[in-house]
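The values are calculated or read from the model by the stated rules, or taken from the named source; none is laboratory data. All values reported here derive from a predicted model rather than from experimental measurement. Neighbour counts run over all protein chains shown; Cβ positions are idealised from the backbone, glycine included.
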Amino acid sequence: MDFSTICIHGSDKKYDSTGAISVPIFQSATFAHPAVGESTGFDYSRAQNPTREYLEETVARLEDGVAALAFSSGMAAVTTLMELFSPGDHIIASDDLYGGSIRLFHHISEKNGLSFDYVDTSDLDALKGLIKAQTKAVFIETPTNPMMHVTDIEAVAGLCRQHGLLLIVDNTFLTPYFQKPLLLGADVVLHSGTKYLGGHNDTLAGFLVVSDANLAEKLQFISKTIGACLSPFDSWLLIRGIKTLPLRLERQQETAIRITNWLKQQAQVEAVYYPGLPEHPGYEISRKQASGFGAMLSFKVDSAETARKILERVRIIQYAESLGGVESLITYPMLQTHADIPEEERTAKGIDDRLLRLSVGLESANDLIKDLSQALGGGN
Ligand SMILES: *Cc1c(COP(=O)(O)O)cnc(C)c1O
């Protein structure tokens with residue numbers, strides 16, 4: 001089945017006999033047993049719920065995994081994943097990882113006895129140099145947020161295999177429509193389903209997708225024990241969002257490319273970070289491992305005043321955290337997603353008071369460019 005057909009038809013499972021075209025929302029916490037010692041396959045919604053099961057099968061198929069698990073947020077998925085590890089274990093992570101993941105590692109995982117090293121994972125030798133006896137996993141994001149660094153997933157997967165390490169890839173930015181890390185050798189794919197999979201800025205969700213049945217079973221056990229699962233209604237919103245994933249991403253990417261080219265011509269814009277630009281250092285790797293470049297871009301303006309002016313003047317584009325939805329959002333990473341990272345560390349990565357991040361939505365490209373133009377002071 002092709003990707004877009006899976007987006008529409010998800011799983012083959014039918015849970016009712018009415019012929020309902022839309023998967024029912026099984027808003028039930030618990031399920032009755034037909035007889036002593038028997039089960040319909042569903043006992044209690046923390047362990048599994050039909051609406052969630054349908055969604056999980058859909059996402060597993062989209063990522064070419066053996067199983068997927070749906071969580072109440074992306075961070076709930078990362079938290080559950082961290083329970084695979086034990087005190088003393090060491091994890092190597094991208095130094096440009098989503099700020100919330102780094103906050104979790106710093107404030108919670110470290111307290112629980114895990115240790116972390118951060119490195120530019122596009123530098124394989126630097127990554128290799130950090131592997132020690134206690135290392136259990138490598139956690140990468142590609143492209144990264146907000147600097148758009150690209151890591152060669154296949155190369156890192158090779159290194160991980162050699163050393164017996166689990167490779168975790170946060171695939172939120174590109175989604176399986178553009179990139180399938182499990183096919184490139186990753187063991188676990190992570191998603192903030194809040195972003196492109198949901199796609200409408202209306203619900204939080206998270207996913208873990210795995211390529212190994214034993215690992216799936218371990219995570220299912222941890223998940224039902226912790227209980228950070230996705231509700232039936234939110235599962236249904238995700239099922240609905242995924243139906244239009246390919247269409248949304250194609251259009252959003254097309255608009256992102258137009259905006260990128262426009263931004264490059266603006267005197268007040270000093271740099272544009274987008275992996276689809278041939279001059280971007282990750283361009284060739286992106287072309288090798290992904291079928292698209294996505295619809296996220298960052299840009300650096302000439303001064304903090306210009307950055308502030310854009311944030312305050314945009315009308316169609318909204319100044320808000322998050323990404324991947326039909327509404328275009330502009331973010332000030334320094335004050336929002338990356339506020340918890342010490343200033344010196346943040347600035348060294350390029351995340352300063354002149355950097356803005358844009359999540360391109362589904363409005364017309366012309367209107368978005370006009371909006372940015374008037375915000376930059378160029379009039380309409
Ligand atoms: C948003 C995000 C997360 C966290 O997901 P939530 O759904 O907000 O909990 C993790 N990784 C990336 C890349 C994200 O953008």
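Would you kindly identify the helices (runs of 4 or more DSSP H) lying entirely within segment 151-244 that contain at least 2 residues that are under 17 Å from residue 6 (Cβ atoms) and not assigned by TED's automatic domain parsing to the domain that holds residue 284?
Ranges flagged: 175-178, 232-243.
Looking at segment 64-83, which of its residues are within 15 Å of the ligand (Cβ to nearest atom) and in a loop (DSSP other than H, G, I, E, B)?
Listed by number, the residues that qualify are 72, 73.
Of the residues 115, 94, which single one is of a type in the set (Gly, Ala, Ser), assigned by TED's automatic domain parsing to the domain that holds residue 182 and surrounded by fewer than 22 Cβ atoms within 10 Å (Cβ to Cβ)?
Numbers: 94 fails: surrounded by fewer than 22 Cβ atoms within 10 Å (Cβ to Cβ).
Sole residue among the options that is of a type in the set (Gly, Ala, Ser), assigned by TED's automatic domain parsing to the domain that holds residue 182 and surrounded by fewer than 22 Cβ atoms within 10 Å (Cβ to Cβ): 115.
Testing residue 321 on (1) modelled with pLDDT under 95; (2) acidic (Asp, Glu); (3) more than 23 Å from the chain's Cα centre (by Cα), one condition comes back false. Which one is that?
(3)
Name the residues in segment 160-183 that are farther than 19 Å from residue 274 by Cα and either of a type in the set (Val, Ile, Thr) or buried (at least 19 other Cβ atoms within 10 Å of the Cβ) (or both), would you? Steps first, please.
Applying the first criterion (farther than 19 Å from residue 274 by Cα) to segment 160-183 yields 160-169, 180-183.
Answer for segment 160-183, where residues must be farther than 19 Å from residue 274 by Cα and either of a type in the set (Val, Ile, Thr) or buried (at least 19 other Cβ atoms within 10 Å of the Cβ) (or both): 160, 165, 166, 167, 168, 169, 180, 181, 182.
Would you point out which residue out of 227, 199, 206 is closer than 20 Å to residue 73 by Cβ and in contact with a Phe, Trp or Tyr (Cβ under 8 Å, 6 or more places away or on another chain)?
Being closer than 20 Å to residue 73 by Cβ and in contact with a Phe, Trp or Tyr (Cβ under 8 Å, 6 or more places away or on another chain) holds for just one of 227, 199, 206, which is 206.
Matching residues to (1) farther than 23 Å from residue 268 by Cα; (2) under 17 Å from the mean Cα position of the chain (by Cα):
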| site | (1), (2) |
| --- | --- |
| 340 | yes, no |
| 346 | no, no |
| 349 | no, no |
| 357 | no, yes |
| 373 | no, no |
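Exactly one of (1) within 16 Å of the ligand (Cβ to nearest atom); (2) free of Cβ contacts under 8 Å to residues at least 12 places away in the same chain is unmet by residue 162. Its number?
(1)
Residue-wise test of (1) touching a helix residue (DSSP H, G or I) at 6+ places or on another chain (Cβ under 7 Å); (2) under 30 Å from residue 85 (Cβ atoms); (3) among the hydroxyl-bearing types (Ser, Thr, Tyr).
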residue	(1), (2), (3)
216	no, yes, no
220	no, yes, no
227	no, yes, no
247	no, no, no
259	yes, no, no
266	no, no, no
270	no, no, no
280	no, no, no
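Could you please find all residues in segment 84-130 being part of a loop (DSSP other than H, G, I, E, B) and either of a type in the set (A, V, I, L, M) or within 16 Å of the ligand (Cβ to nearest atom) (or both)?
Matches in segment 84-130: 84, 95, 96, 97, 98, 114, 121, 130.
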